[in-house]
Structures are given as C-alpha cells and as structure tokens.
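Engineer: Structure incoming, see below.
The values are calculated or read from the model by the stated rules, or taken from the named source; none is laboratory data. Because the structure is predicted, anything quoted here is derived from the model rather than measured. Using ideal geometry, Cβ is built from the backbone for each residue, glycine included, and neighbour counts are taken over all protein chains shown. Note: areas computed on protein heavy atoms with side chains; ligands, DNA, RNA excluded. Shrake-Rupley method; radii C 1.70, N 1.55, O 1.52, S 1.80 Å.
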Amino acid sequence: MSLTSAATLATLDRTGPRRITDLASVEGVTQPAMTALVRVMEESGLVERRGDACDKRVTLVCLTEAGASYVRTRRQAGVHAYQRLIGELTGDEVEALVAALPALNHLAELESQDREGPKR
C-alpha cells in the first residue's frame with residue numbers, strides 16, 4: 001500500500017467521512033489522483049462512498065470495517081516497533097524521551113491541525 005493510501009485511511013479514521021476534494025487537499029494530491037486512489041481502495045474493500053445526508057449532491061468517502069481494521073493493525077505494529085526500540089535505550093535516554101513528550105505532543109497536535117484543515 002502506498003504512503004498516500006495509508007495516510008488517507010488514517011485521515012478518514014481520525015476525521016470521519018470526507019469529500020474527495022477535502023481528502024485531496026489534506027493529502028496534498030490532485031483531485032483526479034485522489035479519485036483514482038479512492039477507486040482502488042474501494043475495490044479493495046477499504047473505503048466506500050456514501051451520500052451526504054445534509055446535501056444529497058455530495059458523496060462522502062467512508063472507511064469500511066476492513067479499512068478501520070487495517071488502520072488499527074498498522075498503528076499497533078508501530079507501537080510494538082517503538083516498544084522494542086525503547087527497550088534498548090539507556091535509562092538516561094528514556095528520561096530524555098519522557099521530558100520531550102509535551103513538546104512532541106504539541107508537534108503532533110499542530111501537524112494534525114495542519115493536515116485536517118477546516119472541518120465541515
């Protein structure tokens with residue numbers, strides 16, 4: 001799976017259903033590229049398109065259970081990888097990481113706000 005596909009699935013998991021134009025903007029690709037990517041992920045059973053209850057002209061891209069499961073599995077693999085690596089650090093290095101957590105959390109919040117853009 002491409003990084004853009006994985007990132008798009010993660011965005012849908014974090015923010016819920018989105019328009020293709022919104023996804024393209026958030027992921028930094030063109031609308032035609034996102035349309036093609038969504039079609040491939042739809043054929044793979046990871047996303048589905050649904051009408052917007054508020055605006056019948058709009059189609060939203062939604063995660064399927066298989067897509068949500070993929071995101072959870074990928075995140076869990078990352079957690080296990082970091083647990084193993086942190087276990088190899090010295091006590092001083094672990095303390096330095098703990099001291100850096102507030103700044104790292106703030107960076108993650110800023111990045112998330114930047115990627116998500118304005119909410120619908």
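Engineer: Would you please list the contacts, defined by Cβ atoms under 9 Å and residues six or more apart or on different chains, that run from a residue in segment 54-83 that is without any contact (Cβ under 8 Å) to a residue 12 or more places away in the chain to a residue that is part of a strand (DSSP E or B) and open to solvent by less than 70 Å² (accessible area, probe 1.4 Å)?
Structural biologist: Qualifying pairs under 9 Å: Arg57/Gly51.
Engineer: Now a separate question. Looking at segment 15-31, is at least one residue outside any strand (DSSP E or B) and over 22 Å from Gln113 (Cα atoms)? Full working, then the answer.
Structural biologist: At the first step, the residues of segment 15-31 found to be outside any strand (DSSP E or B) are 15-17, 19-31.
Then keep just the ones that are over 22 Å from Gln113 (Cα atoms); that gives none.
No: zero hits.
Engineer: Sticking with this one: Take Thr4 and decide whether it is closer than 30 Å to Leu97 by Cβ and of a type in the set (Ser, Thr, Tyr).
Structural biologist: Yes, satisfied.
Engineer: Is it the case that Val71 is more than 22 Å from Ser5 (Cβ to Cβ), surrounded by 13 or more Cβ atoms within 10 Å (Cβ to Cβ) and in contact with an Asp or Glu (Cβ under 6 Å, 6 or more places away or on another chain)?
Structural biologist: no
Engineer: Listed residues Val40, Val79, Val98, Val61; which is open to solvent by less than 60 Å² (accessible area, probe 1.4 Å) and of a type outside the set (S, T, N, Q)?
Structural biologist: Only one candidate passes the filter, namely Val61.
Engineer: Still on this structure: State the number of residues belonging to segment 48-91 that are out of contact with any strand residue (DSSP E or B) (no Cβ under 6 Å at 6 or more places or on another chain) and part of a helix (DSSP H, G or I).
Structural biologist: Of the residues in that region, 22 qualify.
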